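Student: I'd like to ask you about the structure that follows.
The values are calculated or read from the model by the stated rules, or taken from the named source; none is laboratory data. Since the model is a prediction, treat every value here as computed from it, not as a measurement. Neighbour counts run over all protein chains shown; Cβ positions are idealised from the backbone, glycine included. Ligands, DNA and RNA are excluded from the accessible area calculation, which covers all protein heavy atoms including side chains. Shrake-Rupley method; radii C 1.70, N 1.55, O 1.52, S 1.80 Å.
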Amino acid sequence: MNKLASRTRQFFADFARLEAAGGILLMVATVLALWFSNSQLALWYTYFLTIPVQVSIGQLILAKPLVLWINDGLMAVFFLLVGLEIKRELLEGQLSSLSQVMFPSIGALGGMVVPALIYALFNLADPAALHGWAIPMATDIAFALGILTLFGRRVPIALKFFLLTLAIMDDIGAIIVIALFYSGALSILSMVLACVAIGVLFAMNLLGVTRPRAYLIVGTILWIFVLKSGIHATLAGVVIAFAIPLRVREGIEHSPAMRLEHTLHPWSTFLILPLFAFANAGVPLGGMGLSSLLHPVPLGIMAGLFIGKQAGVFGFLYLAVRAGLVHLPAGLSWKEIYGVAILCGVGFTMSLFIGSLAFEMEGCRLCTSINRIGIMLGSLFSCVLGAIVLHRVLPRHT
């Protein structure tokens, strides 16, 4: 019995160290969601997502079904982690040098503009459906990086650097889009209170407060005000991240931001994102036929992710190099760049998130269900073709 327990612990420890672990868990969560929502357990799946959860303090009442606590609450923690990673890269990492960041930034720009245009072309006649134009702009870094790491030592370091930097710029673009286009009716009082909370956070930074717990307490208050303001609550996570100090005075071994990032990373990888995928990927397929797949919403998403992403990333980069704006990084070939450009079409979690925001605001129930089919098929096609291309073009080590 002790041997079995020891082997089990060792198995999970080895799995947790895999770079592809996040992508594998997302895949498992997606399969489970599809199975639950299309089996005799469908009612239990729906019941689980709609469990009412209420938190009240005095006159302040937050009452939401469980799925919205996952999408608004747990995803705010995910965006906190994203914000910490972006801040670190901006100050000390891959985004700190303009020359390093220009090449993947141009690719990220193309990977946002072209998919959005393709989706819009499919849905120009339907204003409600057109609201989902940003869905195919996203790249799921966990899935994309997980697929790339499956090739092990065949992957050049420069190619990993390219994908990571492009995905970070993609996240910045998604944050801006959510803030500008997917917020509801605004409450002036809540916005003022949120601004006060933001001021407190950055005052703590200037005063040299280094305990992450203090920032998280004030950050929770900020999250509540942002939630009540009409701006999407997940953006509070990014603001909190930028307030937490990265560089600290001499004598403190680890920076608060990096310490918190290290703490949150396994929670995000092994709980938050898989739970989000499980809660949002369940699509009842009963009654769906060819007409559902040929609806402009899933068609636009599939075409945006599978065609638009690779065309936008690769096309913008190729034209920029031909125009002399940037140079192809040393050690990389256009074939490898193309393989990664295809992988960028794996939108999944961020696309699901933007889709839930877009069509929840419009009240388009049909769009809410069928957009998930487009996301999963577009991501699947990009995953398969990207893996095939990379398998053929990556150097083979003997």
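Student: Taking residue 77 as the residue in question, decide whether it is over 30 Å from residue 332 (Cα atoms), open to solvent by 20 Å² or more (accessible area, probe 1.4 Å), of a type in the set (Val, Ile, Thr) and part of a helix (DSSP H, G or I).
Tutor: Against the criterion (over 30 Å from residue 332 (Cα atoms), open to solvent by 20 Å² or more (accessible area, probe 1.4 Å), of a type in the set (Val, Ile, Thr) and part of a helix (DSSP H, G or I)), residue 77 qualifies.
Student: Find the residue count for region 157-175, including only residues that are open to solvent by 30 Å² or more (accessible area, probe 1.4 Å) and either in a loop (DSSP other than H, G, I, E, B) or within 26 Å of residue 358 (Cβ to Cβ) (or both).
Tutor: Counting residues in region 157-175 that are open to solvent by 30 Å² or more (accessible area, probe 1.4 Å) and either in a loop (DSSP other than H, G, I, E, B) or within 26 Å of residue 358 (Cβ to Cβ) (or both) gives 2.
Student: Among all residue pairs at least 6 apart or on different chains, which show Cβ distances below 6 Å where the first residue, located in region 341-361, is farther than 19 Å from residue 30 by Cβ and without any contact (Cβ under 8 Å) to a residue 60 or more places away in the chain and the second is small (Gly, Ala, Ser) and buried (at least 24 other Cβ atoms within 10 Å of the Cβ)?
Tutor: 342/382; 342/386
For (1) modelled with pLDDT of 90 or more; (2) more than 30 Å from residue 150 (Cβ to Cβ); (3) in a helix (DSSP H, G or I); (4) among the basic types (Lys, Arg), each residue gets a yes or a no:
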{"residue": "23", "(1), (2), (3), (4)": "no, no, yes, no"}
{"residue": "28", "(1), (2), (3), (4)": "no, no, yes, no"}
{"residue": "32", "(1), (2), (3), (4)": "yes, no, yes, no"}
{"residue": "39", "(1), (2), (3), (4)": "no, no, no, no"}
{"residue": "56", "(1), (2), (3), (4)": "no, yes, no, no"}
{"residue": "61", "(1), (2), (3), (4)": "no, yes, no, no"}
{"residue": "73", "(1), (2), (3), (4)": "no, yes, yes, no"}
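Student: Do you know which residues across region 114-144 are in contact with a helix residue (DSSP H, G or I) (Cβ under 6 Å, 6 or more places away or on another chain) and surrounded by fewer than 19 Cβ atoms within 10 Å (Cβ to Cβ)?
Tutor: Of all residues in region 114-144, those in contact with a helix residue (DSSP H, G or I) (Cβ under 6 Å, 6 or more places away or on another chain) come to 114-116, 118-119, 122-123, 128-129, 131-144.
The answer is 128, and nothing else.
Student: Just one of 65, 52 is open to solvent by less than 70 Å² (accessible area, probe 1.4 Å) and under 30 Å from residue 226 (Cβ atoms); which is it? Let's see the steps before the verdict.
Tutor: Numbers: 52 fails: open to solvent by less than 70 Å² (accessible area, probe 1.4 Å).
Result: 65 is the single residue among 65, 52 that is open to solvent by less than 70 Å² (accessible area, probe 1.4 Å) and under 30 Å from residue 226 (Cβ atoms).
Student: State yes or no: is residue 89 out of contact with any Cys (no Cβ under 6 Å at 6 or more places or on another chain), of a type outside the set (Phe, Trp, Tyr), under 23 Å from residue 263 (Cα atoms) and open to solvent by 40 Å² or more (accessible area, probe 1.4 Å)? Steps first, please.
Tutor: Numbers: out of contact with any Cys (no Cβ under 6 Å at 6 or more places or on another chain): yes; of a type outside the set (Phe, Trp, Tyr): yes; under 23 Å from residue 263 (Cα atoms): yes; open to solvent by 40 Å² or more (accessible area, probe 1.4 Å): no.
Taking the combined requirement at face value, the residue does not satisfy it.
Student: Against the conditions (1) assigned to a helix (DSSP H, G or I); (2) modelled with pLDDT under 85; (3) among the hydrophobic types (A, V, I, L, M, F, W, C); (4) more than 24 Å from the chain's Cα centre (by Cα), where does residue 217 fall short? Just the number, please.
Tutor: (2)
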